[in-house]
1. Identify, by number, the condition in (1) modelled with pLDDT under 75; (2) in contact with a helix residue (DSSP H, G or I) (Cβ under 7 Å, 6 or more places away or on another chain); (3) crowded, with 17+ Cβ neighbours inside 10 Å; (4) assigned to a loop (DSSP other than H, G, I, E, B) that residue 217 doesn't meet.
2. With the structure loaded, tell me whether residue 386 is at pLDDT 95 or above, part of a loop (DSSP other than H, G, I, E, B) and within 20 Å of residue 322 (Cβ to Cβ) or whether it fails that test.
3. Does residue 125 satisfy the condition of being modelled with pLDDT of 95 or more and either in contact with a strand residue (DSSP E or B) (Cβ under 7 Å, 6 or more places away or on another chain) or over 22 Å from residue 49 (Cβ atoms) (or both)?
4. Which one of these is at pLDDT 55 or above, over 26 Å from residue 375 (Cβ atoms) and not in a helix (DSSP H, G or I): 208, 254?
5. Return a yes/no flag: does the stretch 400-409 have any residue that is over 23 Å from residue 13 (Cβ atoms) and either assigned to a helix (DSSP H, G or I) or touching a residue at least 60 places away in the same chain (Cβ under 8 Å) (or both).
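The values are calculated or read from the model by the stated rules, or taken from the named source; none is laboratory data. Predicted, not measured: the structure shown is a model, and the values here were computed from it. Cβ coordinates were reconstructed from backbone atoms using ideal geometry, including for glycine residues, and neighbour counts include every protein chain displayed.
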C-alpha cells in the first residue's frame, strides 16, 4: 500500500506559527483523512493581528469541518497560541479536539513541571509589573508581546488550561516525553518521534552556542538550577514590594516628588545637587530596571527551550517532517541525548536523532529563522535529503520594523542572513516564506529565488496560506 499524500499548510503574514497537516485526500470523508493542527498564533502588535487571526480561524474551521484529530501546542508564547484568544469561539469553545498533545512541562502534578512553571510564572508577574513602570517596558524588551497581556482576551497563561478543559470534554490529552515514539491519532497516521523538550535543566537554560570552546554543562538538580536561574526575579519582586518602583525599603527612600516639594536639609541638599542639570548623567533612578532586561531574556529563551519538538515519519524508516517550534540550542543538543524510542522497546527498531535529521524532507524552520534556533553541525548540516524543502513563518519587514529610527519590537535579525543563505543552499532554494509569494523573496520586487518547477507545482497559495503537497 502506498503512503497517503500529506499536505502542509503554513498560514502567512503572521510572524507566528500556524500549521495544518492533512493526511490523505482533503476532499475525502472524515473516516479517510486526518488533520493535525500545530499552534495558531501571531505576535502581539502586528498590524491587524485580531482580524488576521479571525480570518485564519474561519479558514481552519472550513477546512477541518470543526474537528481535528490532533492539536499540538508547542509552548505558550503568544505568537504560537494567540489565535485561540482572538478566535476563542471558533478554536476553543466549538472545536472538537480528538487528541491534544502537550510537552511534559504542561502537566500539573509533575514535580519538575510544577517547579519550572512556578518559577516562570513568578518571573512573568515581575516582568508585567516592571512593564507598568516608566522606563520598565524598554528594559524588559517588551516581553508582554509574548505573554499576551491583552485586555478582554485570554492571556497566554490561560489559553493552554482552556484547551485542556476543552480536550477533556471532546477527546484526550497526552503529555509527551523526550524519546517517546507514538502514532498520530486518526484514520491515517504518522509515526511521531518526540525530540524535545529535554528534562535536563542545563539543556533548558542553554540558549546560545558556546564560542571558541567545546560545549560544557554545569551539573546540578532542577530545583537548584531554577533557584539560581531565577534569583533575579525574586530580588526584583522584593524590590517592587517596598513600594512598586524601587530597590530599597520605603524607610530609606525619598521619591523625586518628595524631594522637589519637601522641606528640610535632606531635600534642600538633594534639590541643589541631584537635580542639578549638570549632574543629570550621574542619576541612577532607573538603573535598577536594567536587571529586568536580563530576566526577560532568560524567561524568553527558557520558554523557547521548553518547545515540544516533533519529527514525523511518513512511514517507518521513511521521510521525516521536522517541526522544531522555537527550540534553541539546548533543546537541539538534547535530541542527541537519547535514541527513539527511549527507553528501547523489545521488538522495536530504535533510531537516532542523526538518522531522523538525515531523512528530513521538510523542515519547519525554528523561531522564524533566528540566529540561535537552528543548530549547525548537529542540526542543519545533518539534513542531507536530496529533496529537502523548508517553510519559514517570518515577516521580515515586521521583524525589522522601525518607527522614528527605533525598533518597534527589537529590530530582530529574522531571517538571520547566514542561516537563510545556508537554507537556500541545502534545499536548492525550495523555501516557502510567510512574507513572500511561492518561489520568491520578500519585498515589493518579489524577486524569484526558486525555479524548481516540480517543487512549485506542488504548492498551492492563497492570500492566507501556502500549502505544500509532499510526495
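1. (3)
2. For residue 386, the condition - at pLDDT 95 or above, part of a loop (DSSP other than H, G, I, E, B) and within 20 Å of residue 322 (Cβ to Cβ) - is met.
3. No.
4. Values: 208 fails: over 26 Å from residue 375 (Cβ atoms).
Just a single option satisfies the conditions, and that option is 254.
5. no
Results for (1) modelled with pLDDT under 90; (2) under 25 Å from residue 388 (Cβ atoms); (3) surrounded by fewer than 21 Cβ atoms within 10 Å (Cβ to Cβ), shown as yes or no for each residue.
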| residue | (1), (2), (3) |
| --- | --- |
| 283 | yes, no, yes |
| 293 | yes, no, yes |
| 316 | yes, yes, yes |
| 324 | no, yes, no |
| 334 | no, yes, no |
| 337 | no, yes, yes |
| 347 | yes, no, yes |
| 355 | no, yes, yes |
